[in-house]
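The structure under discussion appears below in the form of structure tokens.
The values are calculated or read from the model by the stated rules, or taken from the named source; none is laboratory data. Just so it is clear, the model here is predicted, and its values are computed rather than measured. Cβ: placed from backbone, ideal geometry, glycine included. Neighbour counts: every protein chain shown.
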Amino acid sequence: MAEQIPVSERAARIEYAIRDVVVPATALEAQGHHILKLNIGDPIAYPGLPTPAHMVEAFQQSLGQGDNGYSPSYGLPLLRQAIAADEVNKGWNCTESDVYVCHGVTEALQIIFAATLEDGSKVLAPGPHYPPYMAYPQMYGATTIEYRLDSEDGWKVDFDDIEAKMDDDVRLLVMINPNNPTGNVAGSEEIDRLLSIAKQWPNCMVIADEIYDGLDFSDRQVSIASRSNQVPVFTLNGVSKVYYAPGWRIGYLAIHDPAERMANVRDGIERILRSRLCASTPAQKGFLAGLEGDRTWMQGHTEKVLAQRNLCIQRIGEIEGLEVQSPGGAFYMFVKLTDEKWAEDDKRFVLDLLHEEHVLVVHGSGFSSELGKGHFRLVYLPDVDVLNEAFDRIDSFLSRHRL
């Protein structure tokens, strides 16, 4: 092999467990095997949860009308207004000028990190967590420090752990609510305690990742910005999960700045947004239709997801070697492997299960090498028949390896 041109260290260190496990699954599919996929949080990948027709029609109409050019860097004004109105309904004084439309929440995160982090900065994020919270900050010279979610108590936030890890270098304190990958939902009391901690550190801002806020089965989820009267909050949301259109790649960040201390950060964010031009114009029109149109369709989608969640809880309870804390929201379960063999090597469990039973889940250590170890994440969006078949195969796998 010819001598290779070196890759940057920052790129070489990036891991994304959710998609990394797809590589061996794709190889098996190429050999003719059918894989039962419970790995990716893409509702469109599973039957029965389509993007609402009126949103698709608005997207198509935009294309037909020739709305294929650049749009304003901060987002279409009508969409920013609709997003602001939606956030006002969640309890805080959001205006159009507080809203910035991005290429999904992942781009919003990259923009926030670029505008707030420097060498030596820290991000305090829950463990387990969505992988970009670990991957992206290091691109800007920062590090991510995990705070503990309690695996024995519904994955609740360990506030003592947060307090022990806070210092002047922590610029961003993250709450994912509902959480990916655990499905935990933090209520008002927990949010207030998080904000009371952040308040003690003047340069600390809160990231409120609320992309799953419409998939709350606990009735506990509230807007973090609505609870803050001093601490700056970046609210993140979008069209991917609750509106069932992840491929459109439209998300937003909304800045809540109750003490009016974010002028410089806002200026930095706007400079970055202008430099990358804009988000997809037709897709923004589709999201606008979702925000302004009838939302009664959501009930049917939510009932289907909830019924499948309940089935998974039942099936897991019947399988020796598995335990799970019932998730309060989103569409994930973070399942504990109680057999010692697999508890010490959850990635081996995932790969062996894939190769032997053709069931694809994601290893828990991919969401946190320490706090996710001994677990795996499954997505409960597939139809009931697929879920039952997957659990039958997982049960068979565990039984065979227990002998």
Worksheet item: So, in region 41-59, of the ones that are under 21 Å from the mean Cα position of the chain (by Cα) and of a type in the set (A, V, I, L, M, F, W, C), which residue ends up nearest to VAL386 (Cα to Cα)?
Response: ALA45
Worksheet, complete the sentence: Of (1) of a type in the set (Ser, Thr, Tyr); (2) farther than 27 Å from LEU195 by Cα; (3) in contact with a Cys (Cβ under 7 Å, 6 or more places away or on another chain), TYR252 fails just (2)
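In the list ARG271, ARG309, ARG276, which residue meets the criterion of being basic (Lys, Arg) and outside the structural domain of ILE207 (by TED's automatic domain parsing)?
Numbers: ARG271 fails: outside the structural domain of ILE207 (by TED's automatic domain parsing); ARG276 fails: outside the structural domain of ILE207 (by TED's automatic domain parsing).
Matching residue, one of ARG271, ARG309, ARG276: ARG309.
For ASN229, are the conditions met, namely being in contact (Cβ under 8 Å) with a residue 24 or more places away in the chain, buried (at least 24 other Cβ atoms within 10 Å of the Cβ) and either on the phi > 0 side of the Ramachandran plot or of a type outside the set (A, V, I, L, M, F, W, C) (or both)? Lay out the reasoning, then the answer.
Working: in contact (Cβ under 8 Å) with a residue 24 or more places away in the chain: yes; buried (at least 24 other Cβ atoms within 10 Å of the Cβ): no; either on the phi > 0 side of the Ramachandran plot or of a type outside the set (A, V, I, L, M, F, W, C) (or both): yes.
In short, no.
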Response to the item:
Condition set of a type in the set (Gly, Ala, Ser) and buried (at least 16 other Cβ atoms within 10 Å of the Cβ), scope region 269-325, selection farthest from GLN81 (Cα to Cα): answer is GLY321
Worksheet item: What residue, among those in region 27-71 that are closer than 30 Å to HIS358 by Cα and of a type in the set (S, T, N, Q), is modelled with the lowest pLDDT?
Response: ASN39
Worksheet entry | Number of the condition not met by ASN237 [criteria: (1) out of contact with any Pro (no Cβ under 7 Å at 6 or more places or on another chain); (2) farther than 22 Å from ASP294 by Cβ; (3) at pLDDT 95 or above] | (2)
Discussion item. Suppose we filter HIS358, HIS375 for residues that are within 26 Å of the chain's Cα centre (by Cα), surrounded by 14 or more Cβ atoms within 10 Å (Cβ to Cβ) and either within 15 Å of ILE35 (Cβ to Cβ) or in the same structural domain as GLY127 (by TED's automatic domain parsing) (or both); which single one remains?
Written reply: HIS358
Worksheet, complete the sentence: Sole miss for GLY104 among (1) without any contact (Cβ under 8 Å) to a residue 40 or more places away in the chain; (2) on the phi > 0 side of the Ramachandran plot; (3) surrounded by 15 or more Cβ atoms within 10 Å (Cβ to Cβ); (4) of a type outside the set (A, V, I, L, M, F, W, C) is condition (1)
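Only one residue in SER188, SER196 is small (Gly, Ala, Ser), touching a Lys or Arg at 6+ places or on another chain (Cβ under 7 Å) and not assigned by TED's automatic domain parsing to the domain that holds PHE331, so which one is that?
Details: SER196 fails: touching a Lys or Arg at 6+ places or on another chain (Cβ under 7 Å).
Result of the check over SER188, SER196: SER188.
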Worksheet item: Given the structure, is LYS347 without any contact (Cβ under 8 Å) to a residue 24 or more places away in the chain, assigned to a helix (DSSP H, G or I) and not small (Gly, Ala, Ser)?
Response: yes
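Which ranges mark the helices (runs of 4 or more DSSP H) fully within region 72-144 that have 3 or more residues being modelled with pLDDT under 95? Break it down into steps so the answer makes sense when it comes.
On the way: elements: 77-89, 104-116, 132-135.
Passing ranges, in order: 104-116, 132-135.
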Fill in: From the options SER369, SER365, residue that is polar (S, T, N, Q) and surrounded by fewer than 19 Cβ atoms within 10 Å (Cβ to Cβ)
SER369
Response to the item:
Picked from region 139-149 (must be touching a helix residue (DSSP H, G or I) at 6+ places or on another chain (Cβ under 7 Å) and within 20 Å of GLY372 (Cα to Cα)), the residue surrounded by the fewest Cβ atoms within 10 Å (Cβ to Cβ) is THR143
